[in-house]
Amino acid sequence: MKKYYEATEKFHKKNKMKGTNNEDMNFRLNLMTEELGELAQAVTRGYSREEIIEENVDLFNLIIGNLISMEISLSEFDAAFWKKHEKIMKREKKLVNGKYRVSDFRK
Ligand SMILES: [Mg+2]
């Protein structure tokens with residue numbers, strides 16, 4: 001994860017993103033929506049495995065960029081990741097409307 005974070009940080013610095021719309025979360029959410037749409041298109045239209053991986057990379061880059069934009073350190077993210085992981089590992093898988101889901105079913 002560290003190398004992805006540092007590479008994305010380098011990308012933000014190279015393009016002088018600090019203080020611009022590039023690090024504005026509303027702008028970034030639009031980019032993520034756009035990339036999610038591209039991933040959906042790749043999956044539903046049967047694009048190649050390579051193209052589907054690329055769309056996942058686009059989303060992953062944006063997620064890491066969100067951390068950088070919001071000045072969330074890698075250690076802060078790491079702690080949040082493992083806290084959530086511990087929580088979801090306790091969840092049970094259930095069949096809901098014919099689809100298996102692993103969720104918090106108390107809500
Ligand atoms: Mg894309």
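Please identify the pairs in which a residue from segment 41-64 that is farther than 15 Å from Phe11 by Cα has its Cβ atom under 6 Å from the Cβ atom of a residue that is modelled with pLDDT under 95 and of a type in the set (Ser, Thr, Tyr), counting only partners at least 6 apart or on another chain.
none
Quickly run through segment 27-70 and pick out the residues that are hydroxyl-bearing (Ser, Thr, Tyr) and surrounded by fewer than 17 Cβ atoms within 10 Å (Cβ to Cβ).
Thr33, Thr44, Tyr47, Ser48
Which members of segment 13-26 meet the condition of being surrounded by 13 or more Cβ atoms within 10 Å (Cβ to Cβ) and within 26 Å of Trp82 (Cα to Cα)? Give the derivation first.
So in segment 13-26, the residues surrounded by 13 or more Cβ atoms within 10 Å (Cβ to Cβ) come out as 17, 22-24.
Of everything in segment 13-26, just one residue is surrounded by 13 or more Cβ atoms within 10 Å (Cβ to Cβ) and within 26 Å of Trp82 (Cα to Cα), namely Glu23.
Of the numbered conditions (1) assigned to a helix (DSSP H, G or I); (2) within 16 Å of the ligand (Cβ to nearest atom); (3) surrounded by 13 or more Cβ atoms within 10 Å (Cβ to Cβ), Glu9 satisfies every one except a single condition; which is it?
Single failed check for Glu9: (2).
The values are calculated or read from the model by the stated rules, or taken from the named source; none is laboratory data. Since the structure is predicted, the reported quantities are computational estimates derived from the model, not experimental observations. Here Cβ is always computed from backbone atoms with ideal geometry, including for glycine, and neighbour counts include all displayed protein chains.
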